[in-house]
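Okay, so here's the structure we're looking at.
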Amino acid sequence: MSTKKTKSKPKTQGNKQTKTSEYYSLKEIKKIKAVYNVIMRERSNGKTYSVLEESLTNFIAKGERMAYVRRWQEDVIGRRASNVWRGLNENGAVKKISKGKYDGVLYKSGAFYCYTEDEDGNKLYNDDDLIGFAFALSAGEHDKSTSYPNVKTILFDEFLTRGTYLPDEFMLFMNTVSTIVRRHQDVTIYMLANTVNKFAPYFAEMGLKHVSQMTQGTIDVYTY
């Protein structure tokens with residue numbers, strides 16, 4: 001589903017049938033040109049991969065950066081953060097999309113960098129190779145004073161949970177978005193999930209009233 005920002009009150013614009021496939025593609029939802037794009041499908045079908053691939057393409061072509069957002073701090077540090085780009089690294093997508101300029105993407109100190117490997121296997125990168133930043137809602141207070149230039153895509157991964165949500169989580173998410181985008185208006189936000197929990201705070205806060213009635217392969221457009 002997508003939410004398109006206008007001055008009107010929340011309402012459902014209708015369903016649009018899309019072609020289903022084994023792996024998710026952003027092709028149809030991008031046609032809506034919404035600010036917030038909520039994507040819910042089964043686990044391991046390429047949702048995150050598709051948004052990362054889109055982000056990499058935009059970085060190579062236009063220098064645009066991305067932000068990777070998770071609920072908990074432990075999901076955006078160390079080994080877990082290092083594995084975010086693993087799929088694109090292992091199948092050669094980074095090298096293909098960059099036309100050989102880069103060999104992969106790595107994580108370092110809260111940020112992601114495109115890198116090249118020298119003949120000894122050392123990964124080389126500098127500030128010009130910074131493709132994106134990592135954020136945790138649980139640690140949002142620590143990010144407010146920092147600038148995140150040229151971020152055009154925000155990927156909020158696993159925004160639904162069968163576990164516990166943070167207190168006032170929707171407000172924490174919106175604060176994080178505000179921290180990232182500042183005064184920019186041309187940012188696209190993807191909210192990805194593997195499970196559907198009708199009691200999730202996001203549905204009520206965003207006015208997404210018909211989630212439980214949706215069928216796979218359809219897109220509901222909400223205008224608010």
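The values are calculated or read from the model by the stated rules, or taken from the named source; none is laboratory data. Keep in mind the model is a prediction, meaning the values are calculated, not measured. Here the Cβ positions follow ideal geometry from the backbone for every residue, glycine too, while neighbour counts run over all protein chains shown. Protein only, heavy atoms only, side chains kept; ligands, DNA and RNA dropped before computing areas. Shrake-Rupley method; radii C 1.70, N 1.55, O 1.52, S 1.80 Å.
A few comments on the model shown:
- Among the residues of the range 22-50, the ones that are of a type in the set (A, V, I, L, M) and part of a helix (DSSP H, G or I) come to 1 in all.
- Selection status of Lys11, open to solvent by 80 Å² or more (accessible area, probe 1.4 Å), at pLDDT below 95 and over 17 Å from the mean Cα position of the chain (by Cα): yes
- Condition broken by Glu205, with the remaining ones in (1) surrounded by 14 or more Cβ atoms within 10 Å (Cβ to Cβ); (2) without any contact (Cβ under 8 Å) to a residue 60 or more places away in the chain; (3) within 20 Å of Thr223 (Cα to Cα) satisfied: (1)
- Flag if Arg71 is open to solvent by 30 Å² or more (accessible area, probe 1.4 Å) and touching a residue at least 40 places away in the same chain (Cβ under 8 Å): no
- Tabulated pairs, the range 112-128, first over 17 Å from Asn83 (Cα atoms), second not in a strand (DSSP E or B), C-beta under 8 angstrom, 6+ apart or interchain: Thr116/Lys101; Thr116/Tyr102; Thr116/Asp103; Thr116/Tyr125; Glu117/Asp103; Leu124/Asp118
- Tally of residues being modelled with pLDDT under 95 and under 23 Å from Lys96 (Cβ atoms) across the range 30-46: 3
- Set Thr57, Thr48: member being open to solvent by less than 40 Å² (accessible area, probe 1.4 Å) and of a type outside the set (Gly, Ala, Ser): Thr48
- Taken as a whole, the condition of being assigned to a helix (DSSP H, G or I), more than 15 Å from the chain's Cα centre (by Cα) and acidic (Asp, Glu) does not apply to Glu53.
- In the range 160-177, the qualifying residues are those that are of a type in the set (S, T, N, Q) and either under 27 Å from Gly46 (Cα atoms) or part of a loop (DSSP other than H, G, I, E, B) (or both), and the one that is least open to solvent (accessible area, probe 1.4 Å) is Thr176.
- Selection of helices (runs of 4 or more DSSP H) fully inside the range 77-159 by the criterion of at least 2 residues being open to solvent by 20 Å² or more (accessible area, probe 1.4 Å) and touching a Gly at 6+ places or on another chain (Cβ under 9 Å) returns 86-90.
Condition check ((1) under 18 Å from the mean Cα position of the chain (by Cα); (2) at pLDDT 95 or above; (3) within 26 Å of Trp72 (Cα to Cα)) across all residues:
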site: Gly100; (1), (2), (3): no, yes, no
site: Asp103; (1), (2), (3): no, yes, no
site: Tyr115; (1), (2), (3): no, yes, no
site: Asp128; (1), (2), (3): no, yes, no
site: Phe133; (1), (2), (3): yes, yes, yes
site: Ala139; (1), (2), (3): yes, no, yes
site: Ser147; (1), (2), (3): no, no, yes
